[in-house]
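I have placed the structure first, in the form of structure tokens, so that the comments after it can refer back to it.
The values are calculated or read from the model by the stated rules, or taken from the named source; none is laboratory data. Note that the coordinates shown come from a computational prediction; the quantities given were computed from them, not determined experimentally. No Cβ is skipped: glycine too gets one built from the backbone with ideal geometry, and neighbour counts run over all protein chains shown. For the accessible areas, the whole protein counts, side chains as well, though only heavy atoms, and no ligand, DNA or RNA atoms are used. Shrake-Rupley method; radii C 1.70, N 1.55, O 1.52, S 1.80 Å.
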Amino acid sequence: MKRILPLLAGMALLLSACGRADLSTLDPQGPVAQKQFDLMKISISIMTLVVVVVFAICVYVLVRFRRRKGDKTIPKQVEGNHKLEIIWTVIPLVLLLILGVPTIQSVFGMATDYSKDKNAIQVKVTSHLYWWEFEYPQYGVTTAQELVVPTGKKISFELVSADVKHAFWIPSIGGKMDTNPGSSNRMYLEFPKEGVYRGKCAELCGPSHALMDFKAKSVSPESFDRWIAAMKAPASMPADPKLAETFRSKCLACHAVGDQGTNGAPNLTGIGGRQTIAGILYNSDVVADPQPEDKTTVENLKEWITDPQKVKPGNQMPSAADNQLTPEEIDGIAKYLAGYKLDY
Amino acid sequence: MATHAAHAHAHAHTHTVKRYKGLMDWLTTVDHKKIGILYLLAGFIFFLVGGLEAILIRIQLMKPMNDFVAADTFNELLTMHGTTMIFLAAMPMLFALMNAVIPLQIGARDVAFPFLNALGFWTFFFGGLLLNISWFTGTVPDAGWTSYVPLAGPTYNGTHGVDYYVIGLQIAGIGTLLGGINFMATIINMRAPGMSFMRMPMFTWAIFITSVLIVFAFPVLTVGLVAIMFDRLFQANFFEVGGGGNGVLWEHIFWVFGHPEVYILILPAFGVISEVVATFARKRLFGYSSMVFAIVLIAFLGFMVWAHHMFTTGLGPVANALFSIATMLIAVPTGVKIFNWLFTLWGGSIKFTTANLFAVGFIPTFVLGGVTGVMLASAPADYQYHDSYFVVAHFHYVIVGGLILGIFAGLHYWWPKMFGRMLNEGLGKLTFWTFFTGFHLTFFVQHFLGLLGMPRRVWTYLPNQGFETMNLISSIGAFLMGIGTIVFVVNVIIAWAKPRNAAADAWEDGRTLEWSIPSPPPEYNFKQIPLVRGLDAWWKEKMDGKTAMTPAEPLGPIHMPSPSILPLIMSIGLFIAGFGFMYQNHWVAAGGILVTFVCMFLRSVYDDHGFHIDPEEEEVQA
């Protein structure tokens, strides 16, 4: 055991070095993911022990007892061995106990309901065919695709689906929970550090299941209050009245900005400050680590508005052609939305 | 039913039954050995189809944002890959081994219900055919092999895709259920004199328990499929949330069937490994009674753990805690089996034939799949693993690394018994090493992909997420597995061209009854039903210096079941009815059902007395 422990510690170190900090379950950024990672480490350690023992016996047996050429001897026909059989029944039971107890503790710990907790931030998550809606009932605010939460508080989620089943997953912050149509689930998460974390849909939901990413952004409590205030402020519409009218009639029939429009499609308030368009097109002028293939917010918006099916097959957004938008209008709307940033 | 010869002696030669040759022989056969070969052929073809789908999936995932296949095509591929591999490849290949081996191992002349056996094959075959015809009609099932509603429901899946899944599996499921009933009855009733339950070979035990699992689990799938079929075809509301139904109900139904299904798949592999390891170590199975007990316990617990597939569905902490613990418990009997195999090898004289390579390759591989199973059992950690590539890696370790390695071991081991020809050992070993290496290359890295945050069933992935290298390795491994499979096919073709010269006891160290009769066995298997004097009946006789089993009956004419074309026609009737239902053409549906009913009527009103073979007369003619 003494020899194996440093080995395991080394392995844990290796594992924790893996992957992006904003995505990997092996580099937890919050207490929920941390607890899950601790359980993983316990189980991986126990299981490594089992694997090592079995492999060692296996290799020894296969080498030691291989048949030599021309060997005609008949080995002793052993019926069994009660002592051995009891050993390999009891030891696994003990190992399972070691894993079982913290499992039970965490199962109940993670199911703690903070929905009535006044200090917790309530967020209602509604999954749609390929986008995420986040509603803050305490503040009367709704946003989409980019969840904004304050650090240091319990975030109590109510999860439901508007159509098919999806699953809400922010790997580096905590495990997933399904969003079922017709009945809601609860979970809580905590974000101790400021940052932007990657979220995924984990349940097959159709062609664009793979592209149903979202972001979870944790900000300081003061900044969060400013964000809420900015979200509640009246909408800033396009300066050009003609463009404003086009935007109102074509886009706000489904979308919303500030106090305008409806929430049938993703809320666009402050979209210019979000890291991505449609959850997957990274905005090179917003993200901290732009990649060579990333485009600017304006370019991404134009790409998306022109032909949404090309970006996210099977989504509900009509193309620019269906919406009868001229190239000038697309350009104007993209520029207006890219400039629509909230100060918080 | 193949009754005792003495009873039938008076009727000998009184009935003349038409015997067919060539293709008609195969279409009308009720001989378990031929049905086993049919299962193997059909199952292996579906295995190749499912494998091709897997290769296409891995090509698509080879690099980020690949556009080799479209998003909707990818969902069709992953759905058909899973459904085909489980229902149309793995299960039939198991049925192939069951049919080829079980009656021989228990000293019987056929299964309890030979007609039903043929019917089971043909319903499976036409169900599978119906499912795969979807590729040609353009609407392919695309909601995953689990077919979760509402994605698979009529509201969000309006085309006929999922109908093919529902009706194809319903028809194929009839075959599986018939097989389960048949083998349960066979093993309970038709063991040779002296073969008590605790003298049955381990493979027979495994198949017995598997049959029990099938009999209890498959009706659940049948009910679930009927409900989803009514939702889709007749606007019922079992699972339609808008109409007051409940989608989570389908998840429960599916997994109440689906989890025992996992054990239906793996228990036979356990049986195969037990036979192969004992034979090639020249040792009796270590801890036989605890092995039997472990199988029974695994099967029992297998019904108690279905909700561990639903830890993130939102069942609440009490359910999650209970199902966590129940799931972990399965590790104990499974561990018992692993150690018993290792200690069967311990002190033995191990010969590394291809069959044994697959068997000893199975042991560590299955341990890896087993330990990730225990990791998954811890519900809070599963919130991270669930529906990620970690799960994909886990179940491929148990299904491919467990079941498929087991099937390969069984096929190489019993090939001489089934076909009278030895497979080439060199090619066999090449198959093993390419398949085995390819397998670990493909699936080992997938554990880490999941832990790094890659969800399963994704058509593509964005770059810069740390997924690229491991996905590429995984795809390369998949190609290697494909090469291994091709080498196996080549091996089979080469063996086909060779003379039928396999010895009765083809591996020289055979322990069970099938090795006491010629390879391949005559139509009636045993000229005289043998007397079983202990566990490993044939080994015991050999050790006592005998060269043949002691017969338990005098020589005489042997009663055989008649061949029949009815099972084929009945299945075609269901096949036609399936299309009728799907495309809402009720005349076609009624016509198909009528064909099946007419066949059932004919089968009921015409007595089938079978016929008799006089083994001595046949020998004189030969």
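Could you grab me the full set of residues in the stretch B:413-424 that are in contact with a helix residue (DSSP H, G or I) (Cβ under 6 Å, 6 or more places away or on another chain) and over 20 Å from B:Ala269 (Cβ atoms)?
Listed by number, the residues that qualify are B:Arg421, B:Met422, B:Asn424.
Restrict the check to the stretch A:102-118 and report whether at least one residue is assigned to a helix (DSSP H, G or I), more than 10 Å from chain B (Cβ to nearest Cβ), out of contact with any strand residue (DSSP E or B) (no Cβ under 9 Å at 6 or more places or on another chain) and open to solvent by 60 Å² or more (accessible area, probe 1.4 Å).
Within the stretch A:102-118, not a single residue is assigned to a helix (DSSP H, G or I), more than 10 Å from chain B (Cβ to nearest Cβ), out of contact with any strand residue (DSSP E or B) (no Cβ under 9 Å at 6 or more places or on another chain) and open to solvent by 60 Å² or more (accessible area, probe 1.4 Å).
I'd like to check something: does the stretch A:76-94 contain any residue that is under 20 Å from B:Gly370 (Cβ atoms), at the interface with chain B (Cβ under 7 Å from one of its Cβ atoms) and within 30 Å of the chain's Cα centre (by Cα)?
No, the stretch A:76-94 contains no residue that is under 20 Å from B:Gly370 (Cβ atoms), at the interface with chain B (Cβ under 7 Å from one of its Cβ atoms) and within 30 Å of the chain's Cα centre (by Cα).
Conditions tested, residue by residue: (1) touching a His at 6+ places or on another chain (Cβ under 6 Å); (2) away from chain A (no Cβ under 14 Å); (3) under 17 Å from B:Ala89 (Cβ atoms).
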{"site": "B:Ser388", "(1), (2), (3)": "no, no, no"}
{"site": "B:Val400", "(1), (2), (3)": "no, yes, yes"}
{"site": "B:Leu403", "(1), (2), (3)": "no, yes, yes"}
{"site": "B:Gly410", "(1), (2), (3)": "no, yes, yes"}
{"site": "B:Arg421", "(1), (2), (3)": "no, yes, no"}
{"site": "B:Gln446", "(1), (2), (3)": "no, no, no"}
{"site": "B:Gly450", "(1), (2), (3)": "no, no, no"}
{"site": "B:Met454", "(1), (2), (3)": "no, no, no"}
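Select, from A:Leu26, A:Leu39, the only residue that is crowded, with 20+ Cβ neighbours inside 10 Å, within 7 Å of another protein chain (Cβ to nearest Cβ) and part of a loop (DSSP other than H, G, I, E, B).
Matching residue, one of A:Leu26, A:Leu39: A:Leu26.
Return the only residue of A:Gly195, A:Gly199, A:Gly140 being within 20 Å of A:Gly273 (Cα to Cα), outside the structural domain of A:Asp259 (by TED's automatic domain parsing), open to solvent by 20 Å² or more (accessible area, probe 1.4 Å) and out of contact with any Gly (no Cβ under 7 Å at 6 or more places or on another chain).
A:Gly195
Being of a type in the set (Val, Ile, Thr), in a helix (DSSP H, G or I) and surrounded by fewer than 22 Cβ atoms within 10 Å (Cβ to Cβ) is the requirement here; does B:Val220 meet it?
yes
If a residue has to be of a type in the set (A, V, I, L, M, F, W, C), part of a loop (DSSP other than H, G, I, E, B) and within 14 Å of chain B (Cβ to nearest Cβ) to count, how many in the stretch A:262-307 make the cut?
So the count comes out to 4.
Return only the number of the condition from (1) away from chain A (no Cβ under 14 Å); (2) touching a residue at least 12 places away in the same chain (Cβ under 8 Å); (3) not aromatic (Phe, Trp, Tyr) that B:Gly426 does not satisfy.
All conditions are met except number (2).
Of (1) more than 8 Å from every other protein chain (Cβ to nearest Cβ); (2) within 30 Å of B:Trp507 (Cα to Cα); (3) small (Gly, Ala, Ser), B:Gly302 satisfies all except one. Which?
Every listed condition holds for B:Gly302 apart from (2).
Check whether at least one residue in the stretch B:463-477 is more than 13 Å from every other protein chain (Cβ to nearest Cβ) and buried (at least 22 other Cβ atoms within 10 Å of the Cβ), and report yes or no.
Yes, that holds for at least one residue.
Go over the candidates A:Asn300, A:Asn267 one by one and state the one that is open to solvent by less than 20 Å² (accessible area, probe 1.4 Å) and under 24 Å from B:Gln465 (Cα atoms).
Checking each option against the conditions leaves just A:Asn300.
Checking A:Ser218 against (1) open to solvent by 20 Å² or more (accessible area, probe 1.4 Å); (2) away from chain B (no Cβ under 14 Å); (3) hydroxyl-bearing (Ser, Thr, Tyr): exactly one of these is not met. Which one?
(1)
Consider A:Ala338 against the criteria (1) open to solvent by 30 Å² or more (accessible area, probe 1.4 Å); (2) out of contact with any Phe, Trp or Tyr (no Cβ under 7 Å at 6 or more places or on another chain); (3) hydrophobic (A, V, I, L, M, F, W, C): it satisfies all of them except one. Which criterion is unmet?
In the conditions (1) open to solvent by 30 Å² or more (accessible area, probe 1.4 Å); (2) out of contact with any Phe, Trp or Tyr (no Cβ under 7 Å at 6 or more places or on another chain); (3) hydrophobic (A, V, I, L, M, F, W, C), A:Ala338 misses (1) alone.
Filter the stretch B:388-403 down to residues that are open to solvent by less than 10 Å² (accessible area, probe 1.4 Å) and in contact (Cβ under 8 Å) with a residue 60 or more places away in the chain and give me whichever is farthest from B:Ala503 (Cα to Cα).
So the residue we want is B:Ser388.
Being touching a helix residue (DSSP H, G or I) at 6+ places or on another chain (Cβ under 7 Å) and part of a loop (DSSP other than H, G, I, E, B) is the filter; apply it to the stretch B:124-144 and report the residue that is nearest to the other protein chains (Cβ to nearest Cβ).
Applying the filter and picking the extreme gives B:Gly144.
Name every residue in the stretch A:82-96 that is of a type in the set (D, E, K, R) and open to solvent by less than 80 Å² (accessible area, probe 1.4 Å), in order of residue number.
Hit for the stretch A:82-96 is A:Glu85, nothing else.
Quick one: is B:Gly556 assigned to a loop (DSSP other than H, G, I, E, B) and within 14 Å of chain A (Cβ to nearest Cβ)?
Against the criterion (assigned to a loop (DSSP other than H, G, I, E, B) and within 14 Å of chain A (Cβ to nearest Cβ)), B:Gly556 does not qualify.
Identify the residue in the stretch A:225-255 that is part of a helix (DSSP H, G or I) and among the hydroxyl-bearing types (Ser, Thr, Tyr) and, among all such residues, is farthest from A:Asn267 (Cα to Cα).
The residue in question is A:Thr246.
Give the residue that is least open to solvent (accessible area, probe 1.4 Å), with candidates limited to residues of the stretch A:65-81 that are of a type outside the set (A, V, I, L, M, F, W, C) and in contact with a strand residue (DSSP E or B) (Cβ under 9 Å, 6 or more places away or on another chain).
A:Arg67
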